[in-house]
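Notes follow once the structure below has been shown.
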Amino acid sequence: MAVAKRRVVSVLGSTGSIGTSTLDVIARHPDRFEVYALAAHSSVDAMLAQCLAFSPRYAVMMDEAAATLLQKRLPADAVTEVLQGESGLEDVVTAPQVDVVMAAIVGAAGLPSTLAAASAGKTLLLANKESLVMGGHLLMQAVRESGACLLPIDSEHNAIFQCMPVDGRATPSGKGVSKVLLTASGGPFRQWSHAQMIAATPDQACAHPNWSMGRKISVDSASLMNKGLELIEACWIFDLAPASVDVVVHPQSIIHSLVQYLDGSVLAQLGNPDMRTAIAYGLGWPERLESGVPPLDLVATARLDFEAPDEYRFPCLRLARESFAAGGTAMAVCNAANEVAVAAFLDNGIRFTDIPVVIERTLEQVDNVEPTSLSVVENADAQARQVAAGFLVDFRQTGGRVKQV
Ligand code: NAD
Ligand code: MG
């Protein structure tokens, strides 16, 4: 019997939470996958250890000093060549020998490389939801034109993908789908009052009850901006109107999302909250791979609870919804303002409850235009960052209160 060719993978954001889980799954299947490239921002120690373990052809560091240091620290006989910056990223996603790109850079920084992978017709494992939120139209168009295979890695979208009719993922309403039910854990502040959230610290916001994730997405989960971004992500990936997606808070994070059909059937995907399930699904699709995730013990789980989200205590969900309805570059602006505000919160610069205020003020100030190209989207992103940064100055000067404009 002929031995199947190993699939060649580039992992972007390899030192992060999704990146390390991806390498954990890959390491379980050396007969199936070969790592072509790893890419990260600046964590040299982690990247060096990954290079020694996986012997990629390339290691890309965004940061120039980190690239130089990595080069110095790699053994002289290492097979890995170090590349630097955005052009290095583009090279390792578009190389003809690459089959699969795991897009797991955090934030807007992932947009150019995610778009390049889509345009190059790769199998795109999409974790970097911000790129779809910012440039959904461009990214989906690139996927269609190149014939790329987009497989969602975000656990909810991966669950929806699994529950959709096999022949109807791109046109679900024509295949009997009536609604998508997007589950949300509710985050660590699910039962906190607004007054308690005013005093929330970065470590409290990052202490997610079920998932272990990077700090930015952890804060987004605490504010429910993550669910807002995911609502938009679902609309783009499955060609849905926002009215066809309901958010349901499910604190145990066992049901990862559901698809409701016209006949009253509701299909759900369940599992332990461990991203390796979705990652293994993406890597193996259409086959199933062992992921290292322990089997679900329903008796030990005992309860599955559900409640409606509270958009009054969590205004970020409303802001994301309104930005998507506004269309154009509003979502890119919303995303950029959120990234600036979350970074400031993590740096102890503003309060947790200031995050939606920065976003709302920024949306009011930045013009909404048609997102006709990557540079238009990048311009909106840059403008929003500048405006949002201006508000941060006001917050700091006024002890956490934005001045009236
Ligand atoms: P993380 O902070 O743990 O890791 C981010 C990775 O991106 C790191 O390897 C970092 O070096 C790299 N990076 C950061 N800036 C970069 C830049 N400018 N250029 C190149 N690389 C850069 O983040 P994470 O939690 O792994 O999340 C990654 C993405 O996956 C995010 O978009 C997040 O929303 C999404 N996601 C994460 C999870 C999760 O469980 N962690 C679940 C669903 C979706
Ligand atoms: Mg998710």
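Observations, loosely collected:
- Residue check for A148: touching a helix residue (DSSP H, G or I) at 6+ places or on another chain (Cβ under 8 Å), among the small types (G, A, S) and either more than 16 Å from ligand 1 (Cβ to nearest atom) or in the same structural domain as L262 (by TED's automatic domain parsing) (or both): yes
- Per-region count, the stretch 224-252, residues closer than 13 Å to A184 by Cα and within 13 Å of ligand 1 (Cβ to nearest atom): 6
- Considering R6, R73, R32, R57, the condition of being more than 12 Å from ligand 1 (Cβ to nearest atom), of a type outside the set (A, V, I, L, M), closer than 21 Å to A116 by Cβ and open to solvent by 10 Å² or more (accessible area, probe 1.4 Å) is satisfied by R57 alone.
- Number of residues in the stretch 196-222 that are polar (S, T, N, Q), open to solvent by less than 70 Å² (accessible area, probe 1.4 Å) and within 20 Å of the chain's Cα centre (by Cα): the value is 3.
- Residue satisfying all of: in the stretch 154-195; among the β-branched types (V, I, T) and either surrounded by fewer than 19 Cβ atoms within 10 Å (Cβ to Cβ) or closer than 30 Å to T353 by Cβ (or both); nearest to the chain's Cα centre (by Cα) among these: T183
- Tally of residues being within 10 Å of ligand 1 (Cβ to nearest atom) and of a type in the set (A, V, I, L, M) across the stretch 126-145: 4
- Taking every residue in the stretch 226-253 that is farther than 23 Å from L150 by Cβ and pairing it with any residue that is within 14 Å of ligand 1 (Cβ to nearest atom) and open to solvent by 30 Å² or more (accessible area, probe 1.4 Å), at least 6 positions away or on another chain, the pairs with Cβ-Cβ distances below 7 Å are S253/N210; S253/W211; S253/P273.
- On inspection, L304 passes the criterion of being surrounded by fewer than 21 Cβ atoms within 10 Å (Cβ to Cβ) and in contact with a strand residue (DSSP E or B) (Cβ under 8 Å, 6 or more places away or on another chain).
- Among the residues listed as Q269, Q252, the single one being touching a His at 6+ places or on another chain (Cβ under 6 Å) and either within 12 Å of ligand 2 (Cβ to nearest atom) or open to solvent by 10 Å² or more (accessible area, probe 1.4 Å) (or both): Q269
- Looking across the stretch 105-126, just one residue is within 15 Å of ligand 2 (Cβ to nearest atom) and open to solvent by 20 Å² or more (accessible area, probe 1.4 Å), and that is V106.
- The stretch 230-241, residues that are in contact with a Leu (Cβ under 9 Å, 6 or more places away or on another chain), within 16 Å of A159 (Cβ to Cβ) and either open to solvent by less than 10 Å² (accessible area, probe 1.4 Å) or not β-branched (V, I, T) (or both): E230, L231, E233, A234
- Among residues of the stretch 347-388, those that are over 23 Å from the mean Cα position of the chain (by Cα) and of a type in the set (A, V, I, L, M, F, W, C), counted: 4
- Residue list for the stretch 317-329, filter: farther than 13 Å from E230 by Cβ and open to solvent by 10 Å² or more (accessible area, probe 1.4 Å): R318, E322, A325, A326, G327, G328
- K216, sole failed condition from (1) in a loop (DSSP other than H, G, I, E, B); (2) within 16 Å of ligand 2 (Cβ to nearest atom): (1)
- Test: residue in the stretch 204-212 that is away from ligand 2 (no atom under 16 Å from the Cβ) and either in contact (Cβ under 8 Å) with a residue 24 or more places away in the chain or in a loop (DSSP other than H, G, I, E, B) (or both): yes
- Taking the stretch 3-97 as the region of interest, the strands (runs of 3 or more DSSP E) fully inside it that hold 2 or more residues being among the aromatic types (F, W, Y) are 33-40.
- Test: residue in the stretch 353-363 that is crowded, with 20+ Cβ neighbours inside 10 Å, out of contact with any Asp or Glu (no Cβ under 6 Å at 6 or more places or on another chain) and polar (S, T, N, Q): yes
- Just one of the listed residues (V180, V133) is under 17 Å from V245 (Cα atoms), in contact with a helix residue (DSSP H, G or I) (Cβ under 8 Å, 6 or more places away or on another chain), outside the structural domain of V245 (by TED's automatic domain parsing) and touching a residue at least 60 places away in the same chain (Cβ under 8 Å), namely V133.
- Residue under evaluation E339, criteria (1) open to solvent by 10 Å² or more (accessible area, probe 1.4 Å); (2) more than 20 Å from the chain's Cα centre (by Cα); (3) among the charged types (D, E, K, R), criterion not met: (2)
The values are calculated or read from the model by the stated rules, or taken from the named source; none is laboratory data. In this text the structure is predicted, and so the values were computed from the model without any measurement. Here Cβ is always computed from backbone atoms with ideal geometry, including for glycine, and neighbour counts include all displayed protein chains. Surface accessibility is based on the protein's heavy atoms, side chains included, excluding ligands, DNA and RNA. Shrake-Rupley method; radii C 1.70, N 1.55, O 1.52, S 1.80 Å.
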